[in-house]
Amino acid sequence: MEHRTNFPSTQDMQASDAAHHLHPFTDTADINAKGARVITQAEGVYITDSEGNTMLDAMAGLWCVNIGYGRKELADVAYRQMQELPYYNTFFMTSHPPVIALADQIASLMPGDLNRVFFSCSGSEANDTNIRLVRHYWASMGKPEKTVIISRKNAYHGSSMGSGSLGGMTGMHAQGGMPIPDITHIDQPYWYGEGGDMTPEEFGLQRARELEREIARIGEDRVAAFIAEPVQGAGGVIIPPSTYWPEIQRICDEHEILLIADEVICAFGRTGNWFGSQTFDIRPDIMTIAKGLSSGYQPIGGSVLSEKIAKDLDEKGGEFAHGYTYSGHPVAAAVALENLRIMQEEKIVKNVRDITGPYLAAKWAALADHPLVGEARSIGMMGALELTPDKSARAPFAADAGTVGYICREFCFNNGLIMRHVGDKMIISPPLVMTTDEIDELADKAWKCLDLTLAEAKSQGLMVAGKR
Ligand code: PXG
């Protein structure tokens with residue numbers, strides 16, 4: 001496709017950006033001094049900036065462009081829908097064809113009896129919906145005192161007051177009065193960083209049983225729900241030990257609490273099945289979805305309720321006094337529907353499960369041979385590298401967390417690879433359509449950037465182990 005090239009100069013765009021645009025999760029002084037990298041176009045798994053540099057996008061934007069960039073079918077559907085019905089709401093007894101078809105399609109893909117969708121425009125909104133929904137649910141069931149939601153440290157569930165409170169990011173909680181009341185956080189199943197001398201299996205059980213202790217501490221009659229990502233994404237692609245989810249599921253089954261699986265990242269193929277809940281055999285009462293639902297082409301998310309919860313609410317819930325102007329937006333719904341159609345037609349999830357996922361797993365695991373890498377883990381099409389000054393001890397760096405990760409991230413950017421750092425973990429979440437050749441390119445570039453990072457870390461005296 002021919003792309004537009006008549007943008008203002010990079011310098012002019014950077015100056016306007018600095019003057020008028022406040023960026024999410026960005027140090028303003030830093031970006032204003034250095035200038036934003038301006039991304040102007042993208043095709044397949046590559047993005048291009050205003051200076052003409054092309055980079056392999058191993059993050060699929062922000063874990064979302066699962067189908068890859070430049071799919072004309074999605075643009076065509078949006079164009080047609082905008083002409084036919086650009087907007088109508090789903091409040092006050094109305095609906096429209098795209099949202100009806102999309103809810104039906106989501107329900108048919110969902111595991112178990114997850115069957116009813118409440119739409120939002122993002123994962124944050126969907127999780128805010130979940131907070132209100134589970135509290136409304138228990139109040140409707142005659143148990144208004146069940147309001148506490150248990151979450152986990154280092155979880156990411158969004159950035160609004162509600163979803164940011166559900167999340168367990170201490171840096172976020174330090175700003176703006178979070179968490180809101182009645183949300184608590186248990187420890188995460190992060191074996192590499194916190195497992196000590198335990199085997200991953202022992203550690204997984206121990207961390208899962210914290211949920212049972214937390215329910216007992218708070219009192220079951222006060223607990224509404226437990227929320228967790230099948231694999232923690234933004235926290236650093238933390239893949240739980242095999243014992244973790246079965247034990248969590250047992251605890252949820254044995255107690256009167258709802259289980260919310262936040263699949264904003266895991267859903268729609270990321271872990272090699274349609275849903276992370278299938279990969280880990282989780283039976284959620286509510287699932288949060290967003291990102292991959294539209295491959296990021298339109299902002300859309302949702303909360304998917306089990307048939308039981310939905311039926312109970314039909315009978316006893318009355319009006320749920322909640323909704324967003326753009327809940328089930330027709331253009332977003334039409335685009336999501338087309339995205340799901342292409343995913344099915346091109347067997348993208350099966351391809352991840354049988355071909356590219358295993359291929360990435362082998363290539364990624366080989367990066368553990370690099371002297372800077374303490375662990376290389378992956379599942380489906382997501383992975384993490386733990387950078388360390390001492391492989392044998394799983395040691396962190398003595399320098400501030402993220403110092404070496406940041407150096408590596410910058411080398412990646414400057415060598416044609418988008419890989420993110422979370423502290424001193426390097427993480428990837430490439431488009432699900434990435435080919436084996438492109439995975440080779442990803443692994444080669446990652447190795448080269450690790451070499452550059454190691455040399456730089458040595459020259460700055462950073463290869464010194466610190467304490468956990
Ligand atoms: N839940 C999960 C599991 C997520 O990963 C959200 C909810 C919130 O979704 P919205 O659409 O409101 O952003 C997310 C989003 C990162 C990063 O740096 C991760 C996310 C968003 C932005 C940055 O890894 N995840």
- Query: LEU85 to ALA15: extension gain in nm, 0.36 nm per residue of separation minus the Cα-Cα distance?
  - Reply: 21.4 nm
- Could you give the size of the charge dipole of region 108-147 about its Cα centre, using +1 on the Cβ of each K and R and -1 on the Cβ of each D and E, expressed in debye and rounded to the nearest 20? 140 debye
- So between ILE355 and THR26, what do we pick up on full extension, going 0.36 nm a residue minus the alpha carbon distance? 114.8 nm
- Task: Would you mind telling me the antiparallel percentage of the DSSP bridges in region 73-345, rounded to 5?
- Result: 45 percent
- Message: Taking every DSSP beta bridge with both residues inside the chain, roughly what % is antiparallel (nearest 5)?
- Response: 65 percent
- Using a/c under 1.5 as the rounded threshold, could you call region 247-345 rounded, prolate or oblate? The axes a ≥ b ≥ c are square roots of the C-alpha gyration tensor eigenvalues, and prolate needs a/b larger than b/c, oblate otherwise. oblate
- Query: Each residue of region 46-53 in turn: what ³J(HN,Hα) in whole Hz from Karplus with 6.51, -1.76, 1.60 and θ = phi - 60°, glycine and Pro shown as x?
  - Reply: 10, 10, 10, 9, 5, 9, x, 6
- Starting from the Cα-Cα distance between THR403 and THR5, subtract it from 0.36 nm times their residue separation and give me the gain in nm to one decimal. 139.7 nm
- Task: Count the lysine pairs in region 338-468 whose Cα atoms lie under 25 Å apart, taking only pairs 8 or more positions apart in sequence or on different chains.
- Result: 18
- re the chain: pairs of Cα atoms spaced beyond 40 Å account for a percent value of 19 percent
- Message: Give me, ordered by chain and number, the residues 5 or more places off ASP424 or on other chains with an amide H under 5 Å from its own placed amide H.
- Response: GLY402
- Item | Formal net charge of residues neighbouring PHE397 (Cβ-Cβ distance under 14 Å; K, R +1; D, E -1) | +1
- Message: Quick check of the Kirkwood formula: for region 73-345, what is the inverse mean of 1/r over all pairs of different Cα atoms, in Å?
- Response: 19.0 Å
- Item | Intensity falloff of region 318-465 expressed as log10 I(q)/I(0), Debye formula with alpha-carbon point scatterers, at q = 0.11, 0.19, 0.20 Å⁻¹ | -0.54, -1.04, -1.12
- Note on the structure: Per its Cα gyration tensor (rounded if a/c is under 1.5, else prolate when a/b beats b/c, else oblate), region 108-196 is best filed as prolate
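Taken together, the values in this text are just the output of simple stated rules run on the coordinates, not laboratory data. This one's a predicted model, so the numbers in the text were calculated from it and none came from an experiment. Cβ sites come from the backbone with ideal geometry, for glycine too, and all protein chains shown count toward neighbours.
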